[in-house]
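Below is one structure, written out as structure tokens, with a few remarks after it.
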Amino acid sequence: MKKIILIILILFISFSISANTKADSLHLELQTVQRKDKVEILFQLCDIYLYKEPDKNLDYAVQALTICREDHLQKLECKALKLIGIAYRMKKEIEKAVKYFDESLSKAKQIGYDEIIPEIYSEYGNFYPYKYDYKNSLKYFEKAKEEWIKTGKMKEIAEVNNDIGNMYSYIAKYSEARKYYEKSLDFFDETNDKVNAAIALNNIGNVYKKAGNYDKALKAYLESLKLKEEIGNNEQIAFSMISIGHFYLFGKEDIKKAMKYLTRAKEIFEQTDNSEMLLQAYTGLGISYKQIGNYDKALEFSLKTLELGEEINDIFYRGSALNNIAMLHQENKQFDQALVYFKKALDFSRKTNIRSSEATHLTNIGNLYLKMNNYPKSYENFSQALKIALEINEPGLLRSIYQGFSDYCSQTGDYEKALENYKLSTAVQDSLNSLESERVIAEIQTKYDTEKKEKEIEILTKNSEIQGLKLAKQKTRLNIIVFIVVLLFIFSFIVFRIKQKEIQTQKMVEAEIKKLNNQLEQRIQEELKKLEEQQRLLIQKSKLESIGKLAAGIAHEINQPLGGISMSLENIYFAFTENRLTENYFEKKLKNIDGYYDRINQIIDHIRIFSRDQKTMIFENVNINETIKNALSLLQVQYENHNVKLLINLKEKISFISGNKYKLEQVILNLLTNAKDALDEKEKNTSSSFQKVISIRTNENSKNIYLEIEDNGCGISEKIVGKIFDPFFTTKEPDKGTGLGLSIIYGIIKGMNGDIIAESKFGEYTRMKVMLPKI
């Protein structure tokens with residue numbers, strides 16, 4: 001392995017020396033040639049620095065443009081404008097790139113320079129992916145193809161077919177993508193263009209993998225790798241290894257093979273300093289190490305991915321890294337931290353507009369909420385993921401989402417739906433993992449490995465034949481190595497200076513990320529405040545509904561003292577008319593009236609305080625027995641009107657709890673009202689009469705106070721008893737219930753650090769048990 005790395009390093013340095021030598025030669029030539037020839041030399045220099053050093057490329061292109069405009073070289077001016085646009089695109093200054101491409105295209109159309117128009121359209125197609133606008137990119141590649149067809153240039157048509165296939169793959173239209181890749185492959189096979197044929201085969205493998213056709217995917221990948229090994233292009237070989245590694249990681253889940261290919265690819269790309277491909281290798285290795293339980297290594301590679309993604313501003317792989325870090329937090333049961341990273345990953349996937357990635361992150365968030373027992377949020381995220389997966393028809397995603405729904409239904413007690421979703425997940429898995437598919441994949445891999453071994457034996461045989469020649473050249477090679485070591489020292493110094501600049505840039509990026517994190521935290525706080533306000537309004541609404549239902553009881557409570565006042569006034573009037581009104585008699589009746597007035601005032605104050613919109617839960621020492629009695633005073637008339645028998649067993653001298661007595665009274669009123677409704681429902685559906693009974697009991701132990709409210713009403717079905725505390729769940733008719741009462745009760749009790757459970761037998765009874773910690 002060390003020898004291979006050394007050879008790659010030597011080749012890379014040799015190429016650099018060759019490139020620099022050519023550039024130096026062109027610089028010397030630039031000083032001696034005429035102005036028109038200078039433009040062509042500047043274009044050659046642009047080609048050398050096009051993808052390596054965009055700033056140099058821009059400088060040479062601007063020089064060429066100046067000469068073209070001064071000498072009225074209009075066609076060459078179009079090319080110079082196009083090269084400036086490419087330089088800005090490589091610098092990711094998209095608006096400037098668009099400006100120069102527009103100017104180049106306009107000029108070409110004006111002077112009838114048709115040959116360059118499809119090249120410009122292709123450059124439009126190349127820069128729109130930087131904005132994650134794949135549909136616009138597709139539009140311009142198709143325009144480029146139309147123009148190439150007019151010129152009859154078949155190779156350019158095949159290359160743009162490959163570009164069109166890439167755009168269809170990005171928007172998850174895999175069958176369309178494969179159609180264009182296969183058109184491209186047909187031409188390159190006919191013309192024996194192995195380089196482009198290998199690229200097309202690798203792309204075909206990608207779409208087969210995403211469509212779940214794994215045997216055809218592996219066959220395409222290995223054919224691509226075989227061609228690249230024949231060519232001897234190490235970077236392209238490593239590129240195929242990335243694809244095969246991801247195939248075994250995400251497709252057939254053979255982690256050992258995945259890590260073998262990804263590690264070899266990583267070593268090559270680290271030597272060639274290909275950051276974009278290193279991101280793919282790091283991402284795959286991070287996931288692989290997580291799968292085998294080596295979380296330290298998994299975190300190491302995930303952080304490498306994140307750091308490198310930030311360095312080159314690659315949003316997609318930054319999102320992948322955040323997703324992997326979230327998975328690690330989830331494995332360590334750090335659910336809140338995991339949720340933060342999953343949501344950041346989801347935001348990045350939505351920015352890139354890659355639907356499969358968005359669906360994957362939504363599925364992961366759904367599974368996390370399931371572990372956190374937040375079932376509404378879990379269901380919401382699984383539903384969004386399923387909608388996307390069905391749109392793009394990606395089987396691997398569908399399998400994971402159906403499994404997530406199965407787990408969700410199982411945990412929420414809907415076992416019928418759980419089984420249905422499990423069958424769907426299994427059906428998709430079976431379609432991906434048929435025995436025949438496994439056999440074909442094994443045969444393809446074995447065939448490739450056998451052919452590779454045969455070639456290695458052949459190479460070893462030839463090596464032994466030429467070993468003698470190599471020994472003769474050993475001295476010369478030693479001198480070359482010494483020369484290379486000197487160059488390496490110079491190269492290392494240059495890298496060190498570049499790294500210093502990169503560190504400064506990284507610090508600026510980190511400061512920006514910190515700023516964005518602070519903004520995100522502020523937005524989260526604002527949303528939490530909104531949710532608290534909505535919860536408060538729901539509780540207030542429930543209070544007012546309770547008062548509405550208790551109107552008859554309140555009226556009765558007020559009518560009694562009003563009747564007393566009326567009777568006392570009549571007695572005073574009668575005594576006055578009969579001339580028998582003494583001072584003592586008058587004072588006695590006034591005291592009676594004053595007592596009745598105090599009673600009315602107490603009732604009104606009680607209702608006013610109970611119905612007040614309390615924005616915060618004010619805690620105080622509360623006697624639960626007194627709270628029960630206050631609630632019963634409002635329900636007494638209702639129970640009499642409905643022939644309800646009350647059995648009250650309250651523990652004497654019961655301890656205090658810490659809570660809000662008005663919200664606790666709301667809980668008791670709602671539970672008692674529900675009990676009365678259950679009794680009425682059973683009476684309506686029972687032919688013979690029965691004694692309606694509600695029992696109220698309180699008790700305590702060393703830690704807690706207990707309240708039980710039991711009725712002998714219609715009871716609750718075993719299938720739904722686990723759902724009754726869910727928001728908006730109700731079995732009542734629409735005009736008789738909103739489904740919020742028990743949900744609000746649950747929230748109030750939890751807010752007092754207590755708990756509430758329901759026990760019921762359908763048709764016989766319901767018992768609500770409330771537990772609150774004592775002071």
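For residue 702, indicate whether it is over 19 Å from residue 632 (Cβ atoms), in a loop (DSSP other than H, G, I, E, B) and either open to solvent by 50 Å² or more (accessible area, probe 1.4 Å) or at pLDDT 90 or above (or both).
In short, yes.
Being modelled with pLDDT of 90 or more and of a type outside the set (D, E, K, R) is true for just one of 192, 213, 206. Which residue is that?
Among 192, 213, 206, only 192 is modelled with pLDDT of 90 or more and of a type outside the set (D, E, K, R).
For residues in region 641-667 being of a type in the set (Val, Ile, Thr) and buried (at least 23 other Cβ atoms within 10 Å of the Cβ), which is farthest from residue 748 (Cα to Cα)? Lay out the reasoning, then the answer.
First, pick out the residues of region 641-667 that are of a type in the set (Val, Ile, Thr): 644, 648, 654, 657, 667.
When the remaining residues are screened for being buried (at least 23 other Cβ atoms within 10 Å of the Cβ), the result is 657, 667.
Values: 657: 14, 667: 8 Å.
The qualifying residue farthest from residue 748 (Cα to Cα) is 657.
Report yes if residue 345 is without any contact (Cβ under 8 Å) to a residue 60 or more places away in the chain and over 14 Å from the mean Cα position of the chain (by Cα), otherwise no.
Here the answer is no, as residue 345 does not meet what is asked.
Taking the residues in region 401-434 that are of a type in the set (Gly, Ala, Ser) and within 17 Å of residue 247 (Cα to Cα) as candidates, determine which candidate is modelled with the lowest pLDDT.
Only one residue fits best here, namely 434.
Would you confirm whether any residue within region 544-553 is under 30 Å from residue 682 (Cβ atoms), surrounded by 13 or more Cβ atoms within 10 Å (Cβ to Cβ), among the hydroxyl-bearing types (Ser, Thr, Tyr) and modelled with pLDDT under 75?
yes
Determine, yes or no, whether residue 185 is within 12 Å of residue 240 (Cβ to Cβ) and either open to solvent by less than 70 Å² (accessible area, probe 1.4 Å) or not polar (S, T, N, Q) (or both).
Criteria not met by residue 185.
Considering only residues that are within 33 Å of the chain's Cα centre (by Cα) and open to solvent by 30 Å² or more (accessible area, probe 1.4 Å), which ones fall in region 742-760?
742, 746, 747, 750, 751, 753, 755
What tally of residues in region 746-765 results from selecting those that are within 21 Å of residue 700 (Cα to Cα) and touching a strand residue (DSSP E or B) at 6+ places or on another chain (Cβ under 7 Å)?
Adding up the residues that qualify gives 10.
Listed residues 709, 716; which is in contact with a Ser or Thr (Cβ under 6 Å, 6 or more places away or on another chain), at pLDDT 90 or above, β-branched (Val, Ile, Thr) and surrounded by 19 or more Cβ atoms within 10 Å (Cβ to Cβ)?
Only one candidate passes the filter, namely 716.
Please specify each residue of region 350-360 satisfying the condition of being assigned to a helix (DSSP H, G or I) and either charged (D, E, K, R) or surrounded by fewer than 24 Cβ atoms within 10 Å (Cβ to Cβ) (or both).
Selection gives 350, 351, 352, 355, 356, 357, 358.
Select, from 736, 692, 732, the only residue that is under 16 Å from residue 673 (Cα atoms), open to solvent by less than 40 Å² (accessible area, probe 1.4 Å) and either at pLDDT 90 or above or of a type outside the set (Asp, Glu) (or both).
The unique qualifying residue is 692.
Is it fair to say residue 111 is at pLDDT 90 or above, hydrophobic (A, V, I, L, M, F, W, C) and surrounded by fewer than 21 Cβ atoms within 10 Å (Cβ to Cβ)?
Here the answer is yes, as residue 111 does meet what is asked.
Tally time: how many residues in region 668-685 are open to solvent by less than 40 Å² (accessible area, probe 1.4 Å) and not aliphatic (A, V, I, L, M)?
Residues that pass the stated criteria total 4.
Of all the residues that make up region 598-622, how many are at pLDDT 80 or above and open to solvent by 80 Å² or more (accessible area, probe 1.4 Å)? Before the answer, list the steps.
In the first step, residues of region 598-622 are kept if they are at pLDDT 80 or above; the result is 619-622.
Applying the additional criterion that residues be open to solvent by 80 Å² or more (accessible area, probe 1.4 Å) yields 619, 621.
Counting residues in region 598-622 that are at pLDDT 80 or above and open to solvent by 80 Å² or more (accessible area, probe 1.4 Å) gives 2.
Return yes or no: is residue 460 of a type in the set (A, V, I, L, M, F, W, C), surrounded by fewer than 16 Cβ atoms within 10 Å (Cβ to Cβ) and modelled with pLDDT under 55?
For residue 460, the condition - of a type in the set (A, V, I, L, M, F, W, C), surrounded by fewer than 16 Cβ atoms within 10 Å (Cβ to Cβ) and modelled with pLDDT under 55 - is met.
So, in region 361-392, exactly how many residues are free of Cβ contacts under 8 Å to residues at least 40 places away in the same chain, part of a helix (DSSP H, G or I) and polar (S, T, N, Q)?
4
Which numbered condition trips up residue 212, out of (1) in a helix (DSSP H, G or I); (2) touching a residue at least 60 places away in the same chain (Cβ under 8 Å)?
Unmet condition: (1).
Kindly indicate whether residue 333 is among the charged types (D, E, K, R) and either touching a Pro at 6+ places or on another chain (Cβ under 9 Å) or not in a helix (DSSP H, G or I) (or both).
So residue 333 fits the description; yes.
The values are calculated or read from the model by the stated rules, or taken from the named source; none is laboratory data. If you're wondering where the values come from, they're calculated on a predicted model, not measured in any experiment. Ideal geometry is used to build each Cβ from the backbone, glycine not excepted, and the neighbour counts take in all protein chains shown. Just the protein is used for accessible areas: all its heavy atoms, side chains included, with ligands, DNA and RNA removed. Shrake-Rupley method; radii C 1.70, N 1.55, O 1.52, S 1.80 Å.
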